[in-house]
Amino acid sequence: MKSYLAAAIQMTSLPDLEKNLVEAEELIELAVRRGAELVSLPENFSFLGTEKEKITQAEAIAQQSEKFLTTMAQRFQVTILGGGFPVPVNSTRVYNTALLIDPSGNELARYQKVHLFDVNVPDGNTYRESTTVMSGTQLPPVYPSEQLGNLGLSVCYDVRFPELYRHLSYKGADILFVPAAFTAYTGKDHWQVLLQARAIENTCYVIAPAQTGRHYAMRHTHGHAMIIDPWGLILDDAGDTPGVAIAEINPARLQQVRRQMPSLEHRVFV
């Protein structure tokens, strides 16, 4: 593992596949111009619309999203995480899928979101992800990269379930991806503290690309894509507008924190 720059992209995705992919490409190019070698896109990067719209267009979204990720990785010669897009299971259900692609366009890892967001948020919005999304059945993978470190996958609502990240750390993760479309209401109180907790308790870097702003009707997301170091320090925060958070992933810092706070070695119940 070497030192390198990673990017967490922040978007305001809409119910418009083509427009979203244009915005994503512009932000990927911005990240690469700033030196990023590992680029991550948020959950719903290619489409953020109603559940009905998502199901109607799921086949096209899936095909174009995968093609886009492959093309961008090859064009810019970077490793890219597509943080979540629908992949059809049948005519009424999809998997919310995160996909990691290398600079040659090869698929490195794929994760189907396990924890589905079925919540009545106190701001009056009701979310029922399970009406159109099928829960994944496999724990998320850790991809071992000699250059970038061991990369652990997750998606959004997963961040509230620490046992998932314990699994990733047990499998040797150095970096935890948390691509999200966190609601504005819950995000203001929970987003940052949950990300910091996952970084601290697992002594890992956290890379959290995010959605921000208004997408359609009453759908608002919190923003604040960020990169956090293993001590819990926020290295960069994209604020509440579309853009990019960029920070160094440093193996020496990772080892320093793990020496100073060897909590993973002190676990009793494993």
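Points to keep in mind about this one:
- Of residues in segment 23-47 being aliphatic (A, V, I, L, M) and closer than 20 Å to T221 by Cα, the one most open to solvent (accessible area, probe 1.4 Å): L27
- Index of the failed condition, A98 passing every other in (1) open to solvent by 30 Å² or more (accessible area, probe 1.4 Å); (2) not in a helix (DSSP H, G or I): (1)
- For segment 245-261, a tally of residues being free of Cβ contacts under 8 Å to residues at least 40 places away in the same chain and exposed (fewer than 13 other Cβ atoms within 10 Å of the Cβ) returns 2.
- The set of residues from segment 65-74 being out of contact with any strand residue (DSSP E or B) (no Cβ under 9 Å at 6 or more places or on another chain) and either surrounded by 15 or more Cβ atoms within 10 Å (Cβ to Cβ) or more than 28 Å from L38 (Cβ to Cβ) (or both) comprises just one member, T71.
- Subset of segment 114-156 that is touching a residue at least 24 places away in the same chain (Cβ under 8 Å) and of a type in the set (D, E) - its residue that is farthest from P103 (Cα to Cα): D123
- Within segment 186-244, being closer than 18 Å to L48 by Cα, in a strand (DSSP E or B) and open to solvent by 20 Å² or more (accessible area, probe 1.4 Å) holds for G213, R214, Y216, R219, H220, H222.
- Qualifying positions in segment 245-266 - in contact with a Phe, Trp or Tyr (Cβ under 9 Å, 6 or more places away or on another chain), not in a strand (DSSP E or B) and not polar (S, T, N, Q): R253, L254, V257, M261, L264
The values are calculated or read from the model by the stated rules, or taken from the named source; none is laboratory data. Nothing here was measured: the structure is a model prediction, and the numbers come from that model. Cβ coordinates were reconstructed from backbone atoms using ideal geometry, including for glycine residues, and neighbour counts include every protein chain displayed. Accessible surface areas use protein heavy atoms only, side chains included; no ligands, DNA or RNA. Shrake-Rupley method; radii C 1.70, N 1.55, O 1.52, S 1.80 Å.
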